[in-house]
Amino acid sequence: MPTDLSDFGKILIGIGIVIVLMGAVLVLAGRLPGVFGPIGKLPGDILIKRASFTFYFPITTSILASVILSLLAWLLFRK
């Protein structure tokens, strides 16, 4: 836990940099098809198509992203 505003400011800057990098990756991923390979089309992702309705819930992709981000956060913030 940060004890002064200087540490809190550094954390906010770090979070901002991560958000900007994630945004850049998403912009580039939209322009280049197949950048992430099967991510978003993993087994366990729910896709329901009807005549005028499509429902997509990427549960497996969400779990995988959560695990990867949790490990990354653990590596960055361990003492």
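Does the stretch 1-8 contain any residue that is modelled with pLDDT of 85 or more and either touching a Leu at 6+ places or on another chain (Cβ under 7 Å) or hydroxyl-bearing (Ser, Thr, Tyr) (or both)? Within the stretch 1-8, not a single residue is modelled with pLDDT of 85 or more and either touching a Leu at 6+ places or on another chain (Cβ under 7 Å) or hydroxyl-bearing (Ser, Thr, Tyr) (or both).
Taken together, the residues in the stretch 63-79 that are modelled with pLDDT under 90, surrounded by 10 or more Cβ atoms within 10 Å (Cβ to Cβ) and over 18 Å from Ile19 (Cβ atoms) amount to 1. I'm trying to understand the selection: among the residues of the stretch 42-64, which are without any contact (Cβ under 8 Å) to a residue 12 or more places away in the chain and in a loop (DSSP other than H, G, I, E, B)? Listed by number, the residues that qualify are Arg50, Ala51, Ser52, Phe53. It is to be established whether one or more residues within the stretch 19-36 are in a loop (DSSP other than H, G, I, E, B), at pLDDT 75 or above, surrounded by 11 or more Cβ atoms within 10 Å (Cβ to Cβ) and aliphatic (A, V, I, L, M). Looking through the stretch 19-36, none of the residues is in a loop (DSSP other than H, G, I, E, B), at pLDDT 75 or above, surrounded by 11 or more Cβ atoms within 10 Å (Cβ to Cβ) and aliphatic (A, V, I, L, M).
The values are calculated or read from the model by the stated rules, or taken from the named source; none is laboratory data. Keep in mind that this is a model prediction, so the values were computed, not measured. Quick reminder, even Gly has a Cβ in these numbers, built from the backbone with ideal geometry, and neighbours come from all protein chains shown.
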